[in-house]
Amino acid sequence: MGWNATLLSAGLALATLIGAGWMNARRGIGRWSLVPWDYAMILSAILLGVALYHLAILWRDGAVPW
């Protein structure tokens, strides 16, 4: 997995984390309150950490995109 795929994964994980946090704040309003947003936040935070770790490995190995 290269820089582009890892940055895309990190961006999607960050967007999911922000969206889940916003939906968790609105808990109890509407039909989306049944989704376990806490677990979505935990999973997206873990995936964001893994993506950032992979970016650090790519940077350390000298596989810079420029």
Quiz item: Which residue fluctuates the most in the chain, going by a Gaussian network model with Cα springs under 10 Å, if the choices are Leu47, Leu17, Leu34?
Solution: Leu34
Self-check item: Summed side-chain charge close to Ala20 - residues other than Ala20 whose Cβ falls under 14 Å, Lys, Arg +1, Asp, Glu -1
Solution: +1
Quiz item: With the other protein chains left in place, how much accessible area per residue, in square angstrom, belongs to the range 1-60 at a 1.4 angstrom probe?
Solution: 73 Å²
Practice problem: Would you work out what percent of the accessible area of the chain, with all protein chains in place, is carbon or sulfur (probe 1.4 Å)? | Solution: 72 percent
Exercise. Averaging over all projection directions, find the projected area of the Cα convex hull of the chain and quote it in nm² with one decimal place.
Key: 4.7 nm²
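The values are calculated or read from the model by the stated rules, or taken from the named source; none is laboratory data. Being a predicted model, the structure only gives us computed values, none of them experimental. All Cβ positions, glycine included, derive from the backbone under ideal geometry; neighbour counts span all protein chains shown. Heavy atoms of the whole protein, side chains included, go into the accessibility calculation; ligands, DNA and RNA do not. Shrake-Rupley method; radii C 1.70, N 1.55, O 1.52, S 1.80 Å.
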